[in-house]
Amino acid sequence: MRRVALLGCTGSIGTSTLEVIAAHPERLEVAALAAGRNRDLLLAQCERFRPRLVSTVLEEDAAWLKSQLSYAADLHWGGEGLRACALMPGADTVVAAIVGAAGLSSTEAALRAGRRVCVANKESLVVGGALMRRAMDAGGGELLPVDSEHAALHQLLSGQDRASIRELRITASGGPFRDWPLERIRNATVEEALNHPTWKMGPKITIDSATLMNKGLEVIEASVLFGLPPDRIGVTVHPQSQVHAMVGFQDGSFQLQVCANDMKLPIQYALLYPETLPGPVPAYDWERPKSWSFEAPDLERFPCLGLAYAALRAGGTSPALLNAANEEAVAAFLSRAISFWDIQALNRDLLEALPSGPAESLEAVLEADRGARVQAQAWIRRRGRG
């Protein structure tokens, strides 16, 4: 029986994770839940799964939850609450699904404590990849990806001689603007950018998919997870989102991973690995007519992908700087303070202006993150429309 601490339980990954856990009651159990501000959904989740430890962002929400729960739970809040969930005695598995750099410290703590960490928060690896690997090595923890592309790569690489690997390749849907001319992309609205053609996700990751920054962050994540340099990790646009990743071998052949467009599959893979069992998602249906297409990404129309490669090549705190700038830019766009094209402009300007330092400690990475946010907010005030 795996006892799961779920960080980010009310988001899309969190709710899907609970569906997977409910489908395998003989193997999976909820030990702890940490949520954002959706306290009504958190209350319903607590009543169904009855975790012993629960955390909220704000103390007032924890107090409200205590007054509403039909059973006694250990209640926490804030950053301390996240760490309490990640380090809960008896919880051997942590699902890290907190959006953004906020999940960095709790993910690092869980790895250092020897937990299996199913990482859906790619920013933890983008911002502090070297730190996560050191924490895993020091504590004997285990890192399994929940991103569909990286879970696919993990499956494809299992049992392979790494000397036989020529390249890794992840796929991108291309987002809602794949066929748009550049001038139309420059003036895209919030509503248009949130209209993703394939996946149902939260607003931040949906905007990242529209800029292809999401795919750039995934390239950095793949480098951390699988130890390959940027020139051996490629991106292929595949609008149907049926092929999730490919591994190229030295003889020129490729192996592809195919499955339905449902995040419950990579979540279940990470939770139950190395077991592969029937779950809440039907098997891929080869009898239905289908066609696949593949194309190269256009870096002129989607420059954020190129910026992510540049940050990966620069190393050090450059990925942390880019991630912080992008988080601030996306938030400003969603609030209509800047334009869609300003997202890439802010990312480019800050990556060029801010010096990269060594990512030698959690404090150094978090300081780089804080400094980039200050600079990004100043950029937004200068450029902003609101």
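Here are a few things to note about the model shown:
- In sequence order, segment 35-49 has phi-based couplings of 10, x, 9, 7, 6, 5, 5, 4, 4, 4, 5, 4, 5, 7, 9 Hz under the Karplus curve 6.51 cos²θ - 1.76 cosθ + 1.60, θ = phi - 60°, and Gly or Pro positions carry x.
- Built amide H within the under 5 Å cut-off of VAL30, gap 5+: VAL4
- Treating r as the C-beta distance of ARG232 and ALA23 and R0 as 41 Å, the FRET efficiency rounds to 0.70.
- Here segment 1-141 yields Rg over Rh of 0.95, to two decimals, using C-alpha coordinates and the Kirkwood radius.
- Relative contact order of segment 2-145, taken over Cα pairs closer than 8 Å and 6 or more residues apart, is 22 percent.
- Computed about the Cα centre, the dipole magnitude for the chain is approximately 320 debye when only Lys and Arg (+1) and Asp and Glu (-1) carry charge, each at its Cβ.
- 3J(HN,Hα) along segment 326-343: 5, 4, 5, 5, 5, 4, 5, 5, 4, 8, 6, 7, 9, 7, 4, 5, 5, 4 Hz, from the Karplus curve 6.51 cos²θ - 1.76 cosθ + 1.60 with θ = phi - 60°, whole Hz, x for Gly and Pro.
- Over segment 110-191 - Rg/Rh using Cα atoms and the Kirkwood inverse-distance radius: 1.13
- Of all beta bridges that DSSP places with both ends in the chain, some 25 percent have antiparallel geometry.
- Debye-formula intensities of segment 72-151, expressed as log10 I(q)/I(0) at q = 0.13, 0.16 Å⁻¹, are -0.35, -0.52 (one equal scatterer per alpha-carbon, no solvent).
- For a paramagnetic label modelled on THR198 (point 7 Å from Cα along Cα→Cβ), amide N atoms under 11 Å away belong, within segment 134-168, to 148-149.
- Residue among LEU65, ALA368, ILE207 farthest towards the positive dipole end of the chain, charges placed on Cβ: LEU65
- Histogrammed with a bin width of 20 Å, the alpha carbon distances of the chain distribute as 28, 60, 11, 0 percent, first bin at zero.
- The alpha carbons of segment 315-386 stretch over 37, 18, 16 Å along the principal axes, in descending order.
- Translational diffusion of segment 25-100, µm² s⁻¹ [Kirkwood Rh, Cα pairs; Stokes-Einstein; 10 °C; 1.306 mPa s]: 127
- The alpha carbon centroids of segment 1-49 and segment 265-339 are separated by 23 Å.
- Efficiency of FRET from Cβ geometry, ASP349 and LEU182, R₀ 22 Å, rounded to 0.05: 0.70
- J(HN,Hα) series, segment 83-98, from Karplus relation 6.51 cos²θ - 1.76 cosθ + 1.60, nearest Hz, glycine and proline x: 5, 4, 5, 5, 10, 4, x, x, 8, 9, 9, 10, 9, 9, 10, 6
- Bridging of LYS290 to lysines at a Cα separation below 24 Å is possible for LYS200, LYS264, once same-chain residues fewer than 8 apart are set aside.
- Near the amide H of VAL117, within less than 5 Å, lie the amide hydrogens of VAL94, GLU142, LEU143, LEU144, all on another chain or at least 5 residues away, with H placed in the peptide plane.
- Net +/- balance of residues flanking SER16 in space, Cβ distance below 9 Å, scoring K and R +1, D and E -1: -1
- Neighbour-count order for ILE165, ILE207, ILE233, fewest beta carbons within 10 angstrom listed first: ILE165, ILE233, ILE207
- Nonlocal amide H pairs with ARG166, under 5 Å, H built at 1.01 Å: GLY248, PHE249, GLN250
Laboratory data are not the source of any read-out in this text; all were calculated from the coordinates shown. What you are looking at is a predicted structure, and each value in this text was computed from that prediction instead of being measured. So basically every Cβ, Gly included, is an ideal-geometry build from the backbone, and we count neighbours across all protein chains shown.
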